[in-house]
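Have a look at the structure below before the remarks.
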Amino acid sequence: MAKKNIDWSNLSFAYQKTDKRFVSNYKDGKWDEGVLTEDSTITISECAGVLQYAQTVFEGLKAYTTADGHIVAFRPDLNGQRLENSARRLEIPVYPKDKFVDAVVKTIKANADYVPPYGTGATLYVRPFIFGSSAVIGVKPADEYQFRVFTTPVGPYFKGGAKPITIRVCDYDRAAPHGTGHIKAGLNYAMSLYQIVDAHNQGYDENMYLDAATRTYVEETGGANFLFVTKDGTVVTPKSGSILPSITRRSLVYVAEHYLGLKVEQRPVPFEEVKDFAECGLCGTAAVISPVGKIVDHGKEICFPSGMDEMGPVTKKLYDTLTGIQMGNIEAPEGWIKVIK
């Protein structure tokens with residue numbers, strides 16, 4: 001099969017319909033076997049649980065073409081485990097991790113012609129999700145659900161290189177203690193939309209959220225975990241019960257310790273300490289690491305020594321090593337790379 005006739009190097013980070021998607025339905029207490037279909041439309045009741053009470057959870061991962069020509073996915077088992085945890089928290093029937101990985105593999109294989117060639121900087125983004133599909137008018141879980149996986153080719157998150165961004169300390173809260181901040185639920189992202197639009201209107205790239213209880217500790221942004229580097233080269237990541245357990249962050253922590261020999265601390269990070277760090281980045285599936293050059297706290301600027309021109313040296317090593325593992329240029333830890341074909 002030949003690759004699709006797409007200008008891979010000029011893809012944006014946007015949805016583009018591909019040939020197949022995987023669909024499985026939950027009814028009468030069980031999930032069916034699921035099928036691959038060309039139909040990208042969804043027909044549900046106007047009273048569906050997802051529409052009335054936001055009963056939906058999702059994941060995001062990527063498929064790559066490696067240096068030796070294989071199509072691979074990066075740690076899909078962890079996405080499956082996180083989707084299980086998210087589903088339990090919203091009273092959604094769990095779609096088992098092993099079936100999740102199988103569905104992801106089938107969907108990527110069915111859309112292999114959309115996986116960008118090695119060296120283009122583009123990837124195939126994979127979006128699995130579950131939503132309540134049956135009618136619900138009282139406040140309760142739906143009785144029926146649908147699990148779907150679709151794919152879309154996307155360009156590199158950074159066009160022309162990863163230039164440091166400017167973020168602001170947000171006056172709103174992202175997630176409450178004992179709330180849903182630790183799961184990947186659609187409702188969490190809906191709550192951040194007003195703040196991100198406002199941040200963009202004010203000239204900022206992102207928001208920094210502090211903990212809702214005391215507003216003194218760093219949490220995360222609307223869609224990424226923080227990663228800091230101290231002046232002596234220690235990698236520090238915030239720890240909190242309301243932070244999403246990012247697979248990218250966990251992978252970067254392992255890379256820091258086992259590939260680069262760096263000291264790592266995963267702990268609560270007081271906002272007062274941020275001014276003392278040498279580097280700052282946001283980590284997630286889309287960009288791996290987005291370097292942060294400046295944080296603005298109600299007019300007061302925190303400018304990191306790494307500057308506004310390029311990634312800091314430690315952040316760059318972390319980025320290069322993890323992307324090297326993903327693309328097959330550096331040997332991966334056992335179980336990290338799922339070969340699709």
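The values are calculated or read from the model by the stated rules, or taken from the named source; none is laboratory data. In this text, all values refer to a predicted model and were calculated from it rather than measured experimentally. All Cβ positions, even for glycine, are placed from backbone atoms using ideal geometry, and neighbour counts span all protein chains on display. Note: accessible area is taken over every heavy atom of the protein model, side chains too, but ligands, DNA and RNA are not part of it. Shrake-Rupley method; radii C 1.70, N 1.55, O 1.52, S 1.80 Å.
What the table below lists for this structure:
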{"read-out": "With DNA, RNA and ligands ignored, accessible area of E144 (1.4 Å probe; Å², nearest 10)", "value": "70"}
{"read-out": "S9-H258 FRET efficiency (beta carbon distance; Förster radius 35 Å; 0.05 resolution)", "value": "0.60"}
{"read-out": "Net charge of Cβ neighbours under 10 Å - reference Q266; Lys, Arg +1; Asp, Glu -1", "value": "+3"}
{"read-out": "For the stretch 40-134, the spread of Cα positions along each principal axis, largest first, Å", "value": "47, 26, 20"}
{"read-out": "Surrounding net charge for K4, when Lys and Arg each add one and Asp and Glu each subtract one, Cβ distance under 10 Å", "value": "-1"}
{"read-out": "With DNA, RNA and ligands ignored, accessible area of C47 (1.4 Å probe; Å², nearest 10)", "value": "30"}
{"read-out": "Gyration tensor verdict on the stretch 108-251 (Cα atoms; rounded if a/c is under 1.5, prolate if a/b is larger than b/c, oblate otherwise)", "value": "oblate"}
{"read-out": "Convex hull per residue volume in Å³, alpha carbons only, for the stretch 94-149", "value": "111"}
{"read-out": "Distance between modelled label sites at T230 and E33, nm, 7 Å Cα→Cβ extension", "value": "5.6"}
{"read-out": "Per-residue SASA entry for Y157, accessible area with 1.4 Å probe, Å² rounded to 10", "value": "120"}
{"read-out": "Residue among A14, P270, P291 farthest towards the positive dipole end of the chain, charges placed on Cβ", "value": "A14"}
{"read-out": "Within the accessible area of the chain (1.4 Å probe), percent carbon and sulfur", "value": "51"}
{"read-out": "Sequence-distant residues sharing a close amide H with Y217 (under 5 Å, placed H)", "value": "D211, F271"}
{"read-out": "Stokes-Einstein D (µm²/s) once Rh is taken as the Kirkwood radius of the chain over alpha-carbon pairs, at 20 °C in 1.002 mPa s", "value": "102"}
{"read-out": "Across K109/K163; K239/K263; K231/K338; K30/K341; K62/K163; K317/K341, pairs whose alpha-carbon gap is larger than 27 Å", "value": "K109/K163; K231/K338; K30/K341; K317/K341"}
{"read-out": "Under 16 Å from the Cα of K27 - aspartates and glutamates, other chains or at least 8 residues apart", "value": "E91, D143, E144"}
{"read-out": "Solvent-accessible surface ranking, highest first, for M191, M208 at 1.4 angstrom", "value": "M191, M208"}
